[in-house]
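The values are calculated or read from the model by the stated rules, or taken from the named source; none is laboratory data. This is a predicted model, so every value here is computed, not measured. Every residue, glycine as well, gets a Cβ built from its backbone with ideal geometry; the counts of neighbours run over all protein chains shown.
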Amino acid sequence: MLKFELVGPKEWNISNDDEPINILLTASSVTNKFNIVTDFITRLAEYHGEDFSKWFISFVRNCMNETKRAATVTENVEVIKNYVDEYLESTGIDYNQFVDETKAKKNSILFRGPEIAQIIRLSCYLKVYSIISNSDQYALGKQLHKTVYNRFAEEVIKTEVVSKIFDVVKTKTFRYKLTDKFMWEYIKTIQCKDIGIHIIEIFNFIMNNIIILCEEDKNPITYFVGVVDESVKWFLRSVYKGSIVYDDEISTEDIHGININNLVTYSYNDTLGRLKAIAFEKIYNELEKENSTRMERDDTDQYIINFHNRLSTINYISPLCSCLVFPILSKMTRITYVHFKTVSGEHAAILSYYLNNLFQKIFKGEYSSLFTLLDYYPLSSPSINTTYKIKSIHDYIDIQNKYKNFYGFNTKKMPHKILCHFVGRVSRINFSHLLSGQKLPGIPLGKVEADMIRFYTLYFSGQLNDKINELTQKMNADF
């Protein structure tokens, strides 16, 4: 018989009268109540008998093999769904018992019996899958996890269930906005966290964690409402630093919509945050690679610690970010240029390093003097204005005569002013390397100027659009 045994705070043994399998879980809300998962899987095993137990042990053991893990999970999605569907059908639970249509008003968010059944079914699918998805050792990568999750949720996604859950989160949270209006304004001003961002965070938390913990004989909507209440109370309590009394009634106000700018801002920040995480991963790999090639190897962790200590001292944003990194990333991510202007010096340096990593793959050595500077950060505040005039005026005139295209206009004056401004701001800065911390002894200004003249002339004339598309494909592959 399939058995689960808790052997540590986040550690479980799984056995079926054989050698136990050890599973180490991640720190999460699911882990805190993992007995709900194990109890459900035990009931599945009791209903289906030895066939299920053997399949389950084989499933987990195959997932322990990194080369088989992805194929094992994807091949068993339908198997898991069949086991769960058959069990739930046998319970005979009538989910209409959780619905009282007599209390529903015109603007109420009403979940009908079949919709609640869909939520419970998805919850049960995810419980079985959480043995892998919530494991510290065997979880799939983010992209593949999303694919598997969507396959489990395909029935729910086709209906209005997901939008109704979002409406519950939105309506309940806005209820607190009515009673704590000034506190939310305070939070928005001091913590730069708008209520729209909080709504999306709670919704994602419910869909990724809380929905797994729903029990098949209990109303999941009541559970969701409780999670929203506790989340908002905790959030506001952390600001109030005191006790607050709230009305626990279920809100059914008709919320017409939240500020679309909040959603856009959240999406922008989410994308930039993921780019930063990707860049960190590449930097860590580079630090490990550099350490491995040294005659006397140091502790790689110390390399990383030194890197983060150096990162925390970055106070200024390189002018190359303003004139190169941000415009290119804006085209690649479709995040507005203005939003890039809100990032910190540390974040800007990380994005600059990441973009140079992509440049090296696409441009293959071209504009090397210019792109090399993207691995550096400024040690002093860059000047806002400059009187610099580009020296290679003949090269500038020649390439301008060749392309005669500045965003569709045949003008040499405007790009000349822009290039003088760009080169001038870069020319008088002391730079330090992001990974090594070594100061740049001197900027090869002539070569940098030549690279900038050619690069920006082609960029302004649209000649680099194909290259930017390739950069975008590389970036999307990293995601």
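Listed values, structure above:
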item	result
Residue in region 431-447 that is in contact (Cβ under 8 Å) with a residue 60 or more places away in the chain and over 37 Å from the mean Cα position of the chain (by Cα) present	yes
Residue list for region 377-427, restricted to those being over 24 Å from Val325 (Cβ atoms) and part of a loop (DSSP other than H, G, I, E, B)	Thr387, Lys389, Lys391, Lys404, Gly408, Asn410, Thr411, Lys412
Residue list for region 10-40, filter: part of a strand (DSSP E or B) and of a type in the set (A, V, I, L, M)	Ile14, Ile21, Ile23, Leu24, Leu25
Any chance Tyr407 is assigned by TED's automatic domain parsing to the domain that holds Glu290, surrounded by fewer than 14 Cβ atoms within 10 Å (Cβ to Cβ), in contact (Cβ under 8 Å) with a residue 40 or more places away in the chain and more than 26 Å from Lys361 (Cβ to Cβ)	yes
Phe98 being surrounded by 14 or more Cβ atoms within 10 Å (Cβ to Cβ), under 29 Å from Thr147 (Cα atoms), touching a residue at least 12 places away in the same chain (Cβ under 8 Å) and not aliphatic (A, V, I, L, M)	no
Selection status of Ala71, more than 19 Å from Ile212 (Cβ to Cβ), without any contact (Cβ under 8 Å) to a residue 60 or more places away in the chain and outside any strand (DSSP E or B)	yes
Qualifying positions in region 124-167 - surrounded by 15 or more Cβ atoms within 10 Å (Cβ to Cβ), free of Cβ contacts under 8 Å to residues at least 40 places away in the same chain and of a type in the set (S, T, N, Q)	Ser133
Of the criteria (1) in contact (Cβ under 8 Å) with a residue 60 or more places away in the chain; (2) of a type in the set (Phe, Trp, Tyr); (3) touching a helix residue (DSSP H, G or I) at 6+ places or on another chain (Cβ under 6 Å), which one Phe34 fails	(3)
